[in-house]
Amino acid sequence: MELINFDLDIKTNIIGVDEVGRGSFAGDVFAGAVHFSDLKNDFQNIKNFHLINDSKQLSINSRKFFSQEIKKTAFFALGKACCKEIDKYGISKAVSFAMKRAVVNLLNLLKTKKFLILVDGIKKIEDLDLEQTTLKKGDSRSFHIACASIIAKVERDAYMDELHKKYSIYNWQKNKGYGTLQHRQAIIQHGYCEEHRKLFLRKLNLN
């Protein structure tokens, strides 16, 4: 597993941003935003900080553990974009909406408003008047982005677990809304629900 390069993050005014749920067939897309006021000292307060990486590279238990550890030390916030926004504007704009909301929510917790925003991916956040740097595979290169991805992933998974209670036929507790064979078969058999992204299903001829 590639370890995070801390050199990218040793700066006072950095916010890392990442999204979760871009490719899911159902549910909101989530974004996390994280800021460490003094990373040189703060990350040492996180147990096993050197193992933090892209949330997709961690086990469920590791993600939950690190999410709690990060929240003890960092400033953090979430942003979301709902299925209706995804269907209306497309997933790329919806991701940008979620990321901007996460950053704005985090800025409301911080005293200063001047930050460098490290964004996972290749597209900057739209309509955000702050300096931004995009990082391809940033969740495995930047400590801030990795932490943002972990918090967002844990929160979205919990959200999909709650939706599963109402829509258990799709088994979202296990697939988190992604297009597994079982999920596709359930859509074919039972149809879709209000929490499905109609845009995605239409492209796959599932609606």
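Below is a table of values for the structure above.
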{"item": "Scan of the stretch 172-207 for residues that are modelled with pLDDT of 90 or more and in a loop (DSSP other than H, G, I, E, B), ordered by number", "result": "Lys176, Gly177, Tyr178, Gly179, Thr180, Gly191, Tyr192, Cys193, Glu194, Glu195, Arg197"}
{"item": "Answer residue from the stretch 177-205, given it is among the charged types (D, E, K, R), in contact with a helix residue (DSSP H, G or I) (Cβ under 7 Å, 6 or more places away or on another chain) and more than 14 Å from His164 (Cα to Cα) and is surrounded by the fewest Cβ atoms within 10 Å (Cβ to Cβ) among those", "result": "Lys198"}
{"item": "Which numbered condition Gln68 fails, given (1) over 25 Å from Asn175 (Cα atoms); (2) out of contact with any helix residue (DSSP H, G or I) (no Cβ under 8 Å at 6 or more places or on another chain)", "result": "(1)"}
{"item": "Condition broken by Phe25, with the remaining ones in (1) in contact with a His (Cβ under 9 Å, 6 or more places away or on another chain); (2) more than 17 Å from Asp161 (Cα to Cα); (3) among the hydrophobic types (A, V, I, L, M, F, W, C); (4) modelled with pLDDT of 95 or more satisfied", "result": "(2)"}
{"item": "Residue in the stretch 159-168 that is over 24 Å from Gly27 (Cβ atoms) and charged (D, E, K, R) present", "result": "no"}
{"item": "Test: residue in the stretch 82-100 that is over 20 Å from Ser59 (Cβ atoms), in contact with a strand residue (DSSP E or B) (Cβ under 9 Å, 6 or more places away or on another chain) and among the basic types (Lys, Arg)", "result": "yes"}
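Yes/no per residue for (1) touching a Lys or Arg at 6+ places or on another chain (Cβ under 7 Å); (2) crowded, with 21+ Cβ neighbours inside 10 Å:
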{"position": "Glu85", "(1), (2)": "no, no"}
{"position": "Lys88", "(1), (2)": "no, no"}
{"position": "Val95", "(1), (2)": "yes, yes"}
{"position": "Leu107", "(1), (2)": "yes, no"}
{"position": "Ile122", "(1), (2)": "yes, no"}
{"position": "Ile125", "(1), (2)": "yes, yes"}
{"position": "Asp129", "(1), (2)": "no, no"}
{"position": "Lys137", "(1), (2)": "no, no"}
{"position": "Ile145", "(1), (2)": "no, yes"}
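The values are calculated or read from the model by the stated rules, or taken from the named source; none is laboratory data. Quick caveat: nothing in here was measured; it's all calculated off a predicted structure. Note: ideal-geometry Cβ built from the backbone for every residue, glycine included; neighbour counts use all protein chains shown.
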